[in-house]
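The values are calculated or read from the model by the stated rules, or taken from the named source; none is laboratory data. Since we're looking at a predicted model, the values are computed, not measured. Using ideal geometry, Cβ is built from the backbone for each residue, glycine included, and neighbour counts are taken over all protein chains shown.
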Amino acid sequence: MSWPKNAWYHAAWMHEVTDRPLARTFLNEEVVLFRDADGKAAALQDRCCHRATPLRLGEVTELGLQCGYHGVTFDGGGTCVMIPGQDAIPSAARVRAYPVLERQEIVWIWMGDPALADEAALLVDYPWLDDHEQWPHVHDMYEVECSYQLLIDNLMDLTHIPFIHRNTIGGGSQQGQVNATMDVTPTETGVHYIRWMENIAPPPTYVKGAGFAEGTMVDRWQEFEYIVPSTVVQWTGALPVDLGAKENRVQDGGFNLRLYHGVTPRTDSSCYYFWTPLNGYKPHDPEATELLYKEIAFTFNEDLEFLEAQQATMAATPDLPLVNIKHDKARVQANRALEAMISGDGQS
């Protein structure tokens, strides 16, 4: 597996990074995240330069992150600022620090050349995360035993939904969902696609959320954009057929949610899956927001069972080819965009 290093990756939700060390592995590198005494987020290599003790075993003090073995302390930039019982600090006493950026409830990390880290290079702008009034949401993160690219592939081909997710977002007409009309458009940063399923029965999750009356038929859309290297943003919903959803999706009386997916490589065969469903249909109903989260969590766990099984099978049969079908169009474009970024990265 390969990935670009010179890119911003989702490291944590902001609320996860506190004054207690948080250990995570990104792109096969062990990292520890913490907030200093001023509340600023920092990320260091999880290895003290004295005796290679993992810094995650230490604690945060007024001066920085203190190694739990001998008390050697490092600031957020990786510089050693204190050695107990010793005034002189060797110039080599430092650990690698990774650039971090906090924005829209996300802590981003740059795993490549620090000199190339640029806020302007952050391709993902998701302002809905800042709008809890109109788009309330609940955050979550899963550690998944599959490659990050396999998880992104899953989001690029939704024809699996009526098969895996029959009891949530995939109920209703199986044939109507598989035969959705689909427009795929490559972008400068990945690929965009939108699927329309017209005059179709709403699935169980939509009925629970919007309260569609029995027998109501809807026009349903699924709009996704993949942004290299590892983010997918989504707007999904349905309106009764007489409301003309294709002409105007922003209407009362239906179901709609936005979903943020951040997929960060952990190792060659595992990843972190950061996600949050944003309630756009009953934003002032906390019970609706909680129900939406539970429905999506159940759905995602169905995905993860299949993805982890796929990973294991692919690892056991690495020489057997995979066959593309017409529904892979968006996935193929996403893979091409990622490959182009990797080839131009120089650090993959």
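Once segment 250-281 is narrowed to residues that are assigned to a loop (DSSP other than H, G, I, E, B) and either at pLDDT below 95 or in contact with a strand residue (DSSP E or B) (Cβ under 6 Å, 6 or more places away or on another chain) (or both), the residue that is nearest to His10 (Cα to Cα) is Gly280. Are any of the residues in segment 44-60 in contact (Cβ under 8 Å) with a residue 60 or more places away in the chain, of a type in the set (Ser, Thr, Tyr) and surrounded by 17 or more Cβ atoms within 10 Å (Cβ to Cβ)? Scanning segment 44-60 turns up no residue that is in contact (Cβ under 8 Å) with a residue 60 or more places away in the chain, of a type in the set (Ser, Thr, Tyr) and surrounded by 17 or more Cβ atoms within 10 Å (Cβ to Cβ). Restricting to segment 214-235, give me the number of residues that are farther than 19 Å from Asp157 by Cα, touching a helix residue (DSSP H, G or I) at 6+ places or on another chain (Cβ under 9 Å) and in a loop (DSSP other than H, G, I, E, B). So the count comes out to 3. With the structure loaded, tell me whether Leu320 is free of Cβ contacts under 8 Å to residues at least 40 places away in the same chain and either farther than 22 Å from Asp140 by Cα or buried (at least 17 other Cβ atoms within 10 Å of the Cβ) (or both) or whether it fails that test. Yes. Residues of segment 194-208 being in a strand (DSSP E or B) and in contact with a Leu (Cβ under 9 Å, 6 or more places away or on another chain), which ones? Result: Arg195, single match. Cβ-Cβ distances below 7 Å connect the following pairs, each with a first residue in segment 151-165 that is in the same structural domain as Asn179 (by TED's automatic domain parsing), a second residue that is part of a helix (DSSP H, G or I) and at pLDDT below 65, and a separation of six or more residues or different chains: Ile161/Gln177; Pro162/Gln174; Pro162/Gln177. As for segment 29-46, it holds no residue that is assigned to a loop (DSSP other than H, G, I, E, B), in contact with a Phe, Trp or Tyr (Cβ under 9 Å, 6 or more places away or on another chain) and not β-branched (Val, Ile, Thr).
Looking at Val124, is it surrounded by 14 or more Cβ atoms within 10 Å (Cβ to Cβ) and in a loop (DSSP other than H, G, I, E, B)? In short, yes. Restricting attention to segment 215-222, does a residue exist that is assigned by TED's automatic domain parsing to the domain that holds Leu291 and at pLDDT below 90? Checking segment 215-222: at least one residue is assigned by TED's automatic domain parsing to the domain that holds Leu291 and at pLDDT below 90. Being charged (D, E, K, R) and within 25 Å of the chain's Cα centre (by Cα) is the filter; apply it to segment 308-335 and report the residue that is modelled with the lowest pLDDT. Checking each candidate, the answer is Asp328. Could you tell me which residue of segment 189-207 is surrounded by the fewest Cβ atoms within 10 Å (Cβ to Cβ), considering only residues that are farther than 19 Å from Gly244 by Cβ and touching a Ser or Thr at 6+ places or on another chain (Cβ under 9 Å)? Checking each candidate, the answer is Pro204. With respect to the stated conditions, Tyr69 fails to be at pLDDT 95 or above and within 30 Å of Leu259 (Cβ to Cβ). Quick one: in segment 3-26, of everything that is surrounded by fewer than 16 Cβ atoms within 10 Å (Cβ to Cβ) and either without any contact (Cβ under 8 Å) to a residue 40 or more places away in the chain or polar (S, T, N, Q) (or both), which residue is farthest from Gly64 (Cα to Cα)? Ranking the candidates gives Ala23 first. Annotation note: Cβ proximity below 9 Å between a residue of segment 224-247 that is within 30 Å of Ala12 (Cα to Cα) and among the acidic types (Asp, Glu) and a residue that is in a loop (DSSP other than H, G, I, E, B) and modelled with pLDDT under 95 (sequence gap 6+ or interchain) occurs for Glu225/Thr189. Quick check: is even one residue across segment 91-107 on the phi > 0 side of the Ramachandran plot and in contact with a helix residue (DSSP H, G or I) (Cβ under 8 Å, 6 or more places away or on another chain)? So far as segment 91-107 goes, yes, one or more of its residues are on the phi > 0 side of the Ramachandran plot and in contact with a helix residue (DSSP H, G or I) (Cβ under 8 Å, 6 or more places away or on another chain).
Being at pLDDT 95 or above and within 24 Å of Glu225 (Cα to Cα), is that true of even one residue in segment 86-94? No.
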